[in-house]
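Student: Sharing a structure here in structure tokens format.
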Amino acid sequence: MKKLITLIAALVFSLVMVAQNTPCVCCTDKHSEFDFWIGTWEVTNPDGTKAGENVIEKVQDKCVLQENWTSASPGYTGTSNNFYNYKAKQWEQIWVDNKGQSLHLKGNKVGNQMIMRTDDETNSEGKTFFHRVTWTDNKDGTVRQLWETITEGSETVIAFDGLYKRKD
């Protein structure tokens with residue numbers, strides 16, 4: 001019985017040591033660039049009305065920022081996974097909502113902003129367009145998210161302009 005207890009103790013000790021010595025693959029400066037968006041947020045429109053609530057947390061051993069959006073308009077939710085793609089040297093977001101819509105953004109941090117955009121697409125008029133989303137890390141601890149649709153030869157349309165204020 002003593003040998004069994006000693007063997008189990010040695011096994012547990014060795015597993016703890018391996019776990020402590022395993023490096024965090026996603027604990028780099030690049031993987032932390034979007035951490036300013038982590039939190040529980042109330043989001044308002046430019047006119048001050050409530051747009052919704054958002055919870056952003058790090059998951060998958062700190063490799064993914066997962067977003068869970070609930071709109072102030074009943075019945076609309078969405079989730080995104082945001083990650084630094086080390087191979088492509090860029091940030092990516094994959095958004096899917098409960099209406100079956102999806103968006104794949106790619107980009108990088110520039111100063112105090114994370115700027116990502118979709119690949120170019122062609123609309124029904126044959127014009128090229130893309131979506132660009134910019135998150136700005138404001139000095140007061142808020143985050144502004146600006147989603148623009150940019151069409152060749154046309155004005156830029158703002159699809160969403162939200163100000164994130166921490167709830168926690």
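Student: When you go through 119, 168 one by one, which is the residue that is among the acidic types (Asp, Glu), at pLDDT 95 or above, open to solvent by 30 Å² or more (accessible area, probe 1.4 Å) and in a loop (DSSP other than H, G, I, E, B)?
Tutor: On inspection, the qualifying residue turns out to be 119.
Student: How many of the residues in segment 153-165 are aliphatic (A, V, I, L, M) and open to solvent by 70 Å² or more (accessible area, probe 1.4 Å)?
Tutor: 2
Student: To continue, here is another question. Quickly run through segment 100-116 and pick out the residues that are open to solvent by less than 60 Å² (accessible area, probe 1.4 Å) and charged (D, E, K, R).
Tutor: Within segment 100-116, just 106 meets the criteria.
Student: A further question on this structure: Scan segment 81-94 for residues that are open to solvent by less than 80 Å² (accessible area, probe 1.4 Å) and over 18 Å from residue 147 (Cα atoms) and jot them down.
Tutor: Residues satisfying the conditions are 83, 84, 85, 88, 90.
Student: Tell me, which residue of segment 133-152 that is more than 14 Å from the chain's Cα centre (by Cα) and open to solvent by 80 Å² or more (accessible area, probe 1.4 Å) is modelled with the lowest pLDDT?
Tutor: 152
Student: Let me ask something additional. Pick out the one residue from 48, 52, 78 that is closer than 16 Å to residue 142 by Cα and surrounded by 14 or more Cβ atoms within 10 Å (Cβ to Cβ).
Tutor: Sole residue among the options that is closer than 16 Å to residue 142 by Cα and surrounded by 14 or more Cβ atoms within 10 Å (Cβ to Cβ): 52.
Student: Based on this model, can you work out whether residue 97 counts as surrounded by fewer than 11 Cβ atoms within 10 Å (Cβ to Cβ), touching a strand residue (DSSP E or B) at 6+ places or on another chain (Cβ under 7 Å) and at pLDDT 95 or above?
Tutor: no
Student: For segment 27-108, which fully contained strands (runs of 3 or more DSSP E) count at least 2 residues that are touching a residue at least 40 places away in the same chain (Cβ under 8 Å), over 17 Å from residue 164 (Cα atoms) and touching a Gly at 6+ places or on another chain (Cβ under 9 Å)?
Tutor: Hits in segment 27-108: 90-97.
The values are calculated or read from the model by the stated rules, or taken from the named source; none is laboratory data. The structure presented is a predicted model; accordingly, all values stated were derived computationally and were not measured. Don't worry about glycine lacking a Cβ; one is built from the backbone with ideal geometry, like all the others, and counts go over all protein chains shown. SASA here: full protein model, heavy atoms, side chains in, ligands and nucleic acids out. Shrake-Rupley method; radii C 1.70, N 1.55, O 1.52, S 1.80 Å.
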